[in-house]
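A short worksheet on the structure shown next.
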Amino acid sequence: MENFGLDVWSNKNYIIENSEIKLNYKSMPSILEIIKKIRSNDVRGPILLRFPHLIKKQIKNLYSYFHKAIKENNYQGSFNAVFPLKVNQFPWAVDAITKQGAEFNYGLEAGSKAELVLAMSQSKLKSNITVNGFKDKEMITLGFIAAQSGHNITITIEGLGELKTILEVARESSLRVPNIGIRVKLHSSGSGIWAKSGGMDSKFGLTSTEIIKAISLLKESNLLNYFTMLHFHIGSQMTDIAPLKKALREAGNIYAELKKMGASSLCSINIGGGLAVEYDQHTHTKSHNYSIEEFSSSVVFLLKEIMNVKNVAHPNIFTESGRYIAASHCVLVAPVLELFTQDYQESLLNLKEKNPPLIEELEDLNKSLNNKNAIEYLHDALDHMESLFTLFDLGYIDLQDRSNAEILVHNIIKKALYLTHTHNNDELKQLQVKLQERYLVNVSIFQSLPDYWGLKQHFPIMPIHHLNSTPRRAASLWDITCDSDGEICFDPQKPLYLHDINLNEEDYFLAFFNVGAYQETLGMNHNLFTHPSEYTIKIDDEGYKIQNSFESKNILQILKSIGYNENNILQKLKQDLLSSNFITEKEKNDTLAKLETFVEQNGYLRTTN
Ligand SMILES: *Cc1c(COP(=O)(O)O)cnc(C)c1O
C-alpha cells in the first residue's frame, strides 16, 4: 500500500510528488506546505481544510452526467439537484456549495426548521428548495412564507397529518401556497449500513392507500394543482445499484398511475440521495459497485422506459445527493504527538558491566539479526522476554535489567519485522497485529470522525509527507480523548502501515480524507474537544489563498457553549490564585498572565507538535 490506496479513493484529487501529497489541481500545492503556513501563525491542534474546487468538481460531474444521459436517451424532462443541508450546515461549506452551484441553479434541501431558515437565507430566489422530514404547523407555515417571499419551494409530506396541516394553513392565510410533494413508502429498500430510509418498515413516506387518500383530500380543497413532486430516498451510501433500480420502477409506476388519476400538475420525480463515496483504501474492500455514469444513465433510462410504456410525459428529475457532493472537499490534518515504542529507543539502553545471561543473549540476537535468521531470532527474543518478566516478578532481576530487556526486545521485533516485510505468512501478520505501533494523534475521533466511532465507517488515512519511503509499522491510532473508544485499531483486513519517525527530530502529520459529509455536525464535544480550526483553500494557477479562517473554540467559549458563565469561571480561577500563599507578587502576576492565555486557546494539545 505504498500509495495508501490513492488510486482507489482519491478520484484523482491528489497526487504524490517529491514525497508529499499534493492537490492535483492548477498550481498543485502540497498539503504540508499549506499546513506549515497555517501553523506559522501559532495555530495548534487538528486543522480542517476545505477545498471549494472539489465541490465544484462534484456538482459539475453530477449535472454533466445527467445531461449526457438525458441527451443520449432523448429524455424530455429536465435535471435538477439540491444539496441536503443535513450533510453539512457549516457556513463555509454552505457558502462554497451555493457559490459553486450558482451557475447550475443548484438548490438546497431542508429537513428541519433550522435548516429551512438556513435554506431560505442562503439560496437565490429562483433556485429550488425542497423540504423533507417531520413537520409541525410552524414549519409548514415557514414553507408558505418562503413561497410568499419568492422561493421555488416544494414541501414534501411524510404523512397525511402533514397534508392536513398544509390544507389548514392554506385555508387560514392568504400566503402563497408552496408546491407539494409526496414521499412514497416503497416496497424496495436500499443496501449498506444506511439502508433503513427505504422499505415497508421505513420511518418515512405514504403507503399507496394513503397516497390515494391524499389525492382526494387535495382535490376536495382545490389544491391538487399544487401537487408537483413524487419523492423517495432509499438510504445513504448505496453500495449497490440494483435496489435503486427496483425503487425507480416502483416509484416510476406510482408516478404514471397518479398522472392517470388526474394529478395534472405532477411533473417531477425526486430520487433522494444515496450516491456513494469511496472511503476505502484497499481495492478488495471497495464500498460501491457503480459509477456516476452508470447511476445517471440507469435513472434516466428506466424513467423513460416506464413512462413510454404508460404513455406519460417524462418527469423532471430531482436528486438530493449530499455525501457525493460534500465528502471530498474536506481534509483533516493532525500531528502525531507520540509513537509509543519510542520509549524503547536503542540509545536509551543502559547495560551494566555484568548483565543477567538472558540479557547478554538478547544483545547478541540484536547484533547478529539478519535476513536469514530474522524469524528464528524474533521467536527467541519473545521467549526470552517472557522469562525475563518472570525473573523480574520473582525478584531476580532489577528494574534497570527489565528496562534493558524491553528495549532490546523491541528493537529485535522492529528489525525483524522490517527484514521480513516481504514474507507473506500468517504468523508474521499476526505478530504485526500483536506488535503494532501506537500513534498518538492530536485529534478527537468523537469530534472529527464520529462515523468511525458510531458505525466503524473507515476513512482514508495517510501521512502527508515522508512518502518516498515505504511505511512498515502496523499502525493503530489513538486520539487524545480519555476514552478507550477513541482508537482506530489496526485491522489486518484493511491494514494501515505508517512510518517509523523519530518525533524528536521531525514532524509527522496524518491526513484523514473525505470527511466533508456528515462528520462536522455529527461530531461531538466529548472531553470538551471542539470543532477543529478550519480554513478554506482557494487554488489558482499562480498559487493558493488561505481564506475564511475560523478558529476552534477556546476553552472559555466551549464552557460557555454548554451553559457556564465564562466570567465567573475566570474570576474564580484568578481569585484562588491571587489569594494563595508562598509565591511572590511578581510570580502571581506572571502566572495570572499565563492562565489567561491558556483559557483563550483551544483545548487541543500544544506540545511542539
Ligand atoms: C439524508 C438524505 C439525503 C442525502 O443523502 P446522501 O446519502 O447524503 O446523498 C437526501 N434526501 C433525503 C430525504 C435524506 O434524508
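The values are calculated or read from the model by the stated rules, or taken from the named source; none is laboratory data. Since we're looking at a predicted model, the values are computed, not measured. Because the Cβ atoms are built from the backbone with ideal geometry, glycine has one as well, and the counts that use them run over all protein chains shown. Accessible surface is based on the protein model in full, side chains and every heavy atom, while ligands, DNA and RNA are left aside. Shrake-Rupley method; radii C 1.70, N 1.55, O 1.52, S 1.80 Å.
Using Cα centres only, tell me the gap between segment 378-417 and segment 64-114 in whole Å.
Answer, in whole Å: 61.
Which value results for Rg/Rh of segment 218-376 when Rg is the Cα radius of gyration and Rh the Kirkwood radius based on the inverse mean 1/r?
Reported Rg/Rh, Kirkwood definition of Rh: 1.45.
How large is the convex hull of the C-alpha atoms of segment 556-599 per residue, in Å³?
57 Å³
Considering only the other residues whose Cβ falls under 12 Å of the Cβ of GLU103, what net charge follows from Lys and Arg at +1 and Asp and Glu at -1?
On the way: positive: LYS56, LYS60, LYS99, LYS124; negative: none.
Taking every other residue near GLU103 into account, the sum is +4.
Largest first and to the nearest Å, give the Cα extent of segment 345-476 along each principal axis.
Principal-axis extents of the Cα atoms in segment 345-476, largest first: 53, 34, 27 Å.
Pop out the ³J(HN,Hα) list for segment 535-544 in order, Karplus 6.51 cos²θ - 1.76 cosθ + 1.60 with θ = phi - 60°, rounded to Hz; leave Gly and Pro as x.
Here the 3J(HN,Hα) series is 9, 9, 10, 9, 9, 10, 5, 8, x, 8 Hz.
What is the gain in length, in nm to one decimal, between HIS67 and THR521 on full extension, counting 0.36 nm per residue of separation less the C-alpha to C-alpha distance? Don't skip to the answer; put the middle values down first.
Values: separation 454, 0.36 × 454 = 163.44 nm, distance 3.24 nm.
Extra length available between HIS67 and THR521 comes to 160.2 nm.
Tell me whether segment 465-609 comes out rounded, prolate or oblate; compute the Cα gyration tensor, take square roots of the eigenvalues as a ≥ b ≥ c, and use a/c under 1.5 as the rounded threshold.
Prolate, because a/c is 1.5 or more and a/b exceeds b/c.
Among LYS113/LYS574; LYS113/LYS560; LYS135/LYS219, which pairs are too far apart, with a Cα-Cα distance over 30 Å?
The pairs that break the limit, which is 30 Å between Cα atoms, are LYS113/LYS574.
Which far-off residues, 5 or more places away or on another chain, put their amide H under 5 Å from the one on ILE180, with H placed in the peptide plane?
Answer set, sorted by chain and number: ILE155, PHE227, THR228, MET229.
Starting from the 7 Å offset along Cα-to-Cβ, what nm value, one decimal, do you get for the label separation of ASN568 and LEU592?
About 2.2 nm separates the two model spin labels.
Only sites in a loop by DSSP and with at most 15 other Cβ atoms within 10 Å count here; which chymotrypsin sites (Phe, Trp or Tyr not before Pro) in segment 377-412 make the cut?
TYR396
Once both axes come from the Cα atoms, what is the angle between helix 242-260 and the longest principal axis of the chain, in degrees from 0 to 90, rounded to 10?
Long axis of 242-260 versus the principal axis of the chain: about 20 degrees.
Using the structure shown, select from LYS124/LYS553; LYS68/LYS99; LYS86/LYS304; LYS26/LYS538; LYS213/LYS246; LYS185/LYS245 the pairs with a Cα to Cα distance greater than 20 angstrom.
Check vs 20 Å cut-off fails for LYS124/LYS553; LYS68/LYS99; LYS86/LYS304; LYS213/LYS246.
Estimate the FRET efficiency between ILE375 and LYS538 by the formula 1/(1 + (r/R0)^6), using the beta-carbon distance for r and 41 Å for R0, to the nearest 0.05.
So the FRET efficiency works out to roughly 0.20.
Among all the aspartates and glutamates, which ones have a C-alpha under 15 Å from LYS372's C-alpha, if same-chain residues fewer than 8 places away are not counted?
Here the aspartates and glutamates satisfying the reach criterion relative to LYS372 are ASP380.
Report, for the chain, the % of DSSP beta bridges that are antiparallel, rounded to 5.
Close to 45 percent.
I need two numbers for the chain: Rg to one decimal and Dmax as a whole number, Cα atoms only, in Å.
29.6, 100
Helix-only mean residue ellipticity at 222 nm, the chain, DSSP H runs n ≥ 4 weighted -39,500 (n - 2.57), per residue, nearest 500. What is it?
On the way: 21 runs with 246 residues, N = 609.
The helix-only estimate for the chain comes to -12500 deg cm²/dmol at 222 nm.
So what's the convex hull volume per residue for the Cα atoms of segment 1-116, in Å³? Please list the in-between numbers first.
Numbers: hull volume 20.3 nm³, N = 116.
It comes to 175 Å³ per residue, whole-number rounded.
HN-Hα J couplings of segment 517-522 from phi, Karplus 6.51/-1.76/1.60, θ = phi - 60°, integer Hz, Gly and Pro as x?
10, 6, 5, 6, 7, 6
Ignoring any ligand, DNA or RNA, what whole percent of the accessible area of the chain comes from carbon and sulfur when the probe is 1.4 angstrom? Display every interim value, and only then the final one.
Working: 13740 of 27140 Å².
Accessible surface attributable to carbon and sulfur in the chain totals 51 percent.
I'd like the distance separating the alpha-carbon centroids of segment 208-264 and segment 1-18, in whole Å.
Between the Cα centres of segment 208-264 and segment 1-18 lies a distance of 42 Å.
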